[in-house]
Amino acid sequence: MIRVILTDIEGTTSSISFVHDVLFPYASKHLPEFVRANHHTTRAVAEQLAIVAEKSGVDSRDIDGLIDVLQGWIAGDRKEGSLKALQGMIWEQGYNSGELKGDIYPDAADYLQRWHDRGLRLFVYSSGSVKAQKLIFGHSKEGDFTPFFSGYFDTAVGGKKEAQSYLNILGELGVEPGTVLFLSDVEAELAAAEQAGLKTAWLVREGDLPDTGRFVARDFAEVDALLRKR
């Protein structure tokens, strides 16, 4: 019986376009000013810049050079923890000022609340930082959804296409793999989760449905129909 829902964000609860057309450009636009204003005064920023310097080989005193590295990573959608952390700080300012509102599909908003109210435990697993995850759901256009989630995971537990990552999550949750349903729009992530014993649902919101033996859903209402059968 499914007792836990583990969900991806991009393409699953929220549109991919929101991340690539809104969040990334916002971070890119505000990053130079943010780094220059905070690299001396904010310890968390200085710590992340030191990591960027180490990974890129750019002198840690070369702030313009580090900014160029970060802008390149944003353009290349690099999954660097230091970049994710800095983006999260920039997005936090945007959400707090009201410039940004987190995107969430109406059906996801509806069923996340329903599942929580039915006693299912809800968790997020995304390549975005835990801070970024909380910001999207805490400042969404549909309201604050953070009370519905019991926890969040990012790539600190491992890559999303690696079975070990899901085993690590299971270890932290302390549950049997067959009681967890993982929702994602990326087949390779589903395959990794299945190797760890999790149940899966493939969200294909647009385009042709794939010819596959996996459970495929257009929206969360179809996922709910699956849950009611199990």
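Quick one: count up the residues across the range 191-217 that are open to solvent by less than 80 Å² (accessible area, probe 1.4 Å) and touching a helix residue (DSSP H, G or I) at 6+ places or on another chain (Cβ under 9 Å). Don't jump to the end; show me each part of the working.
If we filter the range 191-217 for residues that are open to solvent by less than 80 Å² (accessible area, probe 1.4 Å), which is where we start, we get 191-194, 196-198, 200-205, 207, 210, 212, 214-217.
Those left that are additionally touching a helix residue (DSSP H, G or I) at 6+ places or on another chain (Cβ under 9 Å): 191-194, 196-198, 200-203, 210, 212, 214-217.
Here the count works out to 17.
Do the conditions hold for Trp91, that is, is it free of Cβ contacts under 8 Å to residues at least 60 places away in the same chain, surrounded by 15 or more Cβ atoms within 10 Å (Cβ to Cβ) and of a type outside the set (Ser, Thr, Tyr)?
Details: free of Cβ contacts under 8 Å to residues at least 60 places away in the same chain: no; surrounded by 15 or more Cβ atoms within 10 Å (Cβ to Cβ): yes; of a type outside the set (Ser, Thr, Tyr): yes.
For Trp91, the condition - free of Cβ contacts under 8 Å to residues at least 60 places away in the same chain, surrounded by 15 or more Cβ atoms within 10 Å (Cβ to Cβ) and of a type outside the set (Ser, Thr, Tyr) - is not met.
Are there helices (runs of 4 or more DSSP H) fully within the range 24-77 with at least 3 residues that are over 22 Å from the mean Cα position of the chain (by Cα) and of a type in the set (D, E, K, R)? List them. Can you show your working first?
Numbers: elements: 24-38, 43-56, 63-75.
Fully inside the range 24-77 and qualifying: 43-56.
Of all residue pairs spaced 6 or more apart or on separate chains, those with beta-carbon atoms under 7 Å, a first member in the range 59-79 that is more than 13 Å from Arg36 (Cα to Cα) and a second member that is among the hydroxyl-bearing types (Ser, Thr, Tyr) are Val69/Ser56; Gln71/Ser28; Ile74/Ser28; Lys79/Ser127; Lys79/Thr155.
Please work out if Ile5 is among the hydrophobic types (A, V, I, L, M, F, W, C), closer than 20 Å to Gly102 by Cβ and not in a helix (DSSP H, G or I).
Working: among the hydrophobic types (A, V, I, L, M, F, W, C): yes; closer than 20 Å to Gly102 by Cβ: yes; not in a helix (DSSP H, G or I): yes.
The answer is yes for Ile5.
Tell me, which residue of the range 170-190 that is charged (D, E, K, R) and touching a residue at least 24 places away in the same chain (Cβ under 8 Å) is surrounded by the most Cβ atoms within 10 Å (Cβ to Cβ)? Applying the filter and picking the extreme gives Glu189. All conditions but one from (1) within 18 Å of the chain's Cα centre (by Cα); (2) open to solvent by 20 Å² or more (accessible area, probe 1.4 Å); (3) of a type outside the set (A, V, I, L, M); (4) farther than 14 Å from Val4 by Cα apply to Tyr152; the one that does not is (4). For the condition out of contact with any helix residue (DSSP H, G or I) (no Cβ under 9 Å at 6 or more places or on another chain) and either of a type in the set (Ser, Thr, Tyr) or modelled with pLDDT of 95 or more (or both), Gly174 qualifies. Taking first residues from the range 127-148 that are over 9 Å from Trp91 (Cβ atoms) and touching a residue at least 12 places away in the same chain (Cβ under 8 Å) and partners that are among the hydroxyl-bearing types (Ser, Thr, Tyr) and in a loop (DSSP other than H, G, I, E, B), the Cβ contacts under 6 Å between residues at least 6 apart in sequence or on separate chains come to Gln133/Ser126.
Residues in the range 1-27 that are open to solvent by less than 40 Å² (accessible area, probe 1.4 Å) and either among the charged types (D, E, K, R) or more than 30 Å from Pro177 (Cβ to Cβ) (or both): how many? Give the steps one after another, and end with the answer.
Our first condition is that a residue be open to solvent by less than 40 Å² (accessible area, probe 1.4 Å); within the range 1-27, this holds for 2, 4-9, 11-15, 18-19, 23-24, 26-27.
From the residues that got through so far, the ones that are either among the charged types (D, E, K, R) or more than 30 Å from Pro177 (Cβ to Cβ) (or both) too are 8, 18, 23-24, 26-27.
Residues meeting the conditions: 6.
Checked against the criterion of being among the polar types (S, T, N, Q) and surrounded by 18 or more Cβ atoms within 10 Å (Cβ to Cβ), the range 106-114 contains not a single residue that satisfies it.
The values are calculated or read from the model by the stated rules, or taken from the named source; none is laboratory data. Since this is a predicted model, take the numbers as computed values, not measurements. Virtual Cβ from ideal backbone geometry, glycine too; neighbours counted across all protein chains shown. Note: areas computed on protein heavy atoms with side chains; ligands, DNA, RNA excluded. Shrake-Rupley method; radii C 1.70, N 1.55, O 1.52, S 1.80 Å.
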